[in-house]
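Working notes for the structure below.
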């Protein structure tokens, strides 16, 4: 009974917010970048799905608030490929850059082996990390100022992703949001994910990008 009441209350809050077009806790790029640096989570739009994000070293907060299993990695999103490839092992840089220069900015997540401690923050299973530069300029402008961020789709684990700033603000009340809202429209489809292994590419998840078989 308590669960039903709680679910009804959550639906009522979302319906009220949608009806009144309320999006609280909006911040501009500079304000949001500062909050992220100080350990806050943040919500921002991308070309695929809205993102829940943090600085990599604060990424545990994402798994906690999203109720995401720890064995499911996060993606490192950056404003340009140079900001991301500094974390890539030398053996994978040539192949990775070739693929990134074709599909970035865009909806392709490229999993590559990493150097340093970055994988400890995003992937407890291995030293590989998924990298992406989004096509949406609003997202890239934030990422250029903040630096690369640990990201995942803005939804509770096992539930459908939110589609816009309003739904994100209801799903994660109190989490700072990149303004202004409403956000630009996104595709609503997750990114395509590929993984590099010893010079070979493997499709991990079909998504927004259809790969050219010659790449």
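The values are calculated or read from the model by the stated rules, or taken from the named source; none is laboratory data. The structure presented is a predicted model; accordingly, all values stated were derived computationally and were not measured. Positions of Cβ are generated from backbone atoms using ideal geometry, with glycine treated the same way; all protein chains shown enter the neighbour counts.
Only one entry of 70, 74 meets the criterion of being touching a residue at least 40 places away in the same chain (Cβ under 8 Å) and surrounded by 15 or more Cβ atoms within 10 Å (Cβ to Cβ), and that entry is 74. Residues being in contact with a strand residue (DSSP E or B) (Cβ under 6 Å, 6 or more places away or on another chain), at pLDDT 95 or above, under 20 Å from residue 177 (Cβ atoms) and surrounded by fewer than 17 Cβ atoms within 10 Å (Cβ to Cβ) are represented in segment 25-48 by at least one member. Just one of the listed residues (7, 64) is surrounded by fewer than 14 Cβ atoms within 10 Å (Cβ to Cβ), within 18 Å of residue 159 (Cβ to Cβ) and at pLDDT 95 or above, namely 64. For segment 11-24, filtering for residues that are in a helix (DSSP H, G or I) and either modelled with pLDDT of 50 or more or surrounded by 14 or more Cβ atoms within 10 Å (Cβ to Cβ) (or both) leaves 2.
Restricting attention to segment 191-205, the residues that are in contact with a strand residue (DSSP E or B) (Cβ under 7 Å, 6 or more places away or on another chain) and modelled with pLDDT under 95 add up to 0. When segment 180-209 is filtered for residues that are surrounded by fewer than 12 Cβ atoms within 10 Å (Cβ to Cβ), within 21 Å of residue 129 (Cα to Cα) and free of Cβ contacts under 8 Å to residues at least 24 places away in the same chain, the ones remaining, listed by number, are 198, 200, 202, 203.
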